[in-house]
Amino acid sequence: MIKILLAEDQNMLRGALTTLLNMETDFNVMKEVSDGREALDFLQTHKPHIALLDIEMPTLTGLDVLKWMREKEMDTKVIILTTFSKRHYIKEALSHRVDGYLLKDTPSTELANYIREVVNNHKQVITPSIMNQFLFEEQHNPLSKREVALLQHVEKGMTTKQIAEALYLSQGTIRNYLSEILQKLEKQNRTEAAFYARNKGWLD
């Protein structure tokens, strides 16, 4: 019997997932919680085979819980189950050796099979579309090193003059770089471009 902890802050979704998972003859949802702190408290006294964690929850995120579990070297497997395919979330989850990263629209039969793959066969499972997107973006950063440095300064709220001084370039050159960046990323302004590039993981 695979013992499961489910952490999801949306009540209806949590209830539906619990019902669907408990319909599997080899699954037992030991505990369902609505936030990261409850999940962490439960894990301090119980040892489920696997924890299904949402990312954006009150008090602690699923990634916070994952990090804590890895620091404690717990045997419990972890699947992030989320609506977010943002690259920086995926990258952080992978850096903490997540066992699975799946989208919430994964069909229940597939989710059940993924859980078995992780627990019984010790495999890492990631929604194929997410992995393809991650690998594509990893390999296709359109920004040059100079453009990355420039956007990192934009993130700090620096003016064109301040960026020019920091990079030892003229203000005209900085404006040309910014124009090129906006064209590449198809964004309207520098702040939007920096935010977009950060979410893509291109400014790491």
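The values are calculated or read from the model by the stated rules, or taken from the named source; none is laboratory data. Keep in mind the model is a prediction, meaning the values are calculated, not measured. Backbone-built Cβ (ideal geometry, glycine too); neighbour counts: all protein chains shown.
Let's see how each residue does on (1) surrounded by 14 or more Cβ atoms within 10 Å (Cβ to Cβ); (2) assigned by TED's automatic domain parsing to the domain that holds Lys86; (3) over 26 Å from the mean Cα position of the chain (by Cα); (4) not charged (D, E, K, R):
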site: Val154; (1), (2), (3), (4): yes, no, no, yes
site: Thr160; (1), (2), (3), (4): yes, no, yes, yes
site: Ala164; (1), (2), (3), (4): yes, no, yes, yes
site: Ser170; (1), (2), (3), (4): no, no, yes, yes
site: Tyr177; (1), (2), (3), (4): yes, no, yes, yes
site: Arg190; (1), (2), (3), (4): yes, no, no, no
site: Tyr196; (1), (2), (3), (4): yes, no, no, yes
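Which one is farthest from Pro48 (Cα to Cα) among residues in segment 61-92 that are modelled with pLDDT under 95 and surrounded by 22 or more Cβ atoms within 10 Å (Cβ to Cβ)?
Among those that are modelled with pLDDT under 95 and surrounded by 22 or more Cβ atoms within 10 Å (Cβ to Cβ), it is Ile90.
Answer yes or no: is there a residue in segment 142-165 that is closer than 30 Å to Glu71 by Cβ, in contact with a helix residue (DSSP H, G or I) (Cβ under 6 Å, 6 or more places away or on another chain) and not in a helix (DSSP H, G or I).
No.
Condition first: touching a Phe, Trp or Tyr at 6+ places or on another chain (Cβ under 9 Å) and either at pLDDT below 95 or surrounded by 20 or more Cβ atoms within 10 Å (Cβ to Cβ) (or both). Now tell me which residues in segment 21-35 satisfy that.
Filtering segment 21-35 for residues touching a Phe, Trp or Tyr at 6+ places or on another chain (Cβ under 9 Å) gives 21, 30-31, 33.
Matches in segment 21-35: Leu21, Val33.
Would you pick out the residues in segment 16-40 that are under 18 Å from Pro107 (Cβ atoms), assigned to a helix (DSSP H, G or I) and touching a residue at least 12 places away in the same chain (Cβ under 8 Å)?
If the condition is that a residue be under 18 Å from Pro107 (Cβ atoms), assigned to a helix (DSSP H, G or I) and touching a residue at least 12 places away in the same chain (Cβ under 8 Å), then Leu17, Thr18, Leu20, Leu21 are the ones that fit.
Looking at (1) of a type in the set (A, V, I, L, M, F, W, C); (2) assigned to a helix (DSSP H, G or I); (3) closer than 26 Å to Asp64 by Cα, which one does Ala193 not meet, given that it meets all the others?
It is condition (3) that Ala193 fails.
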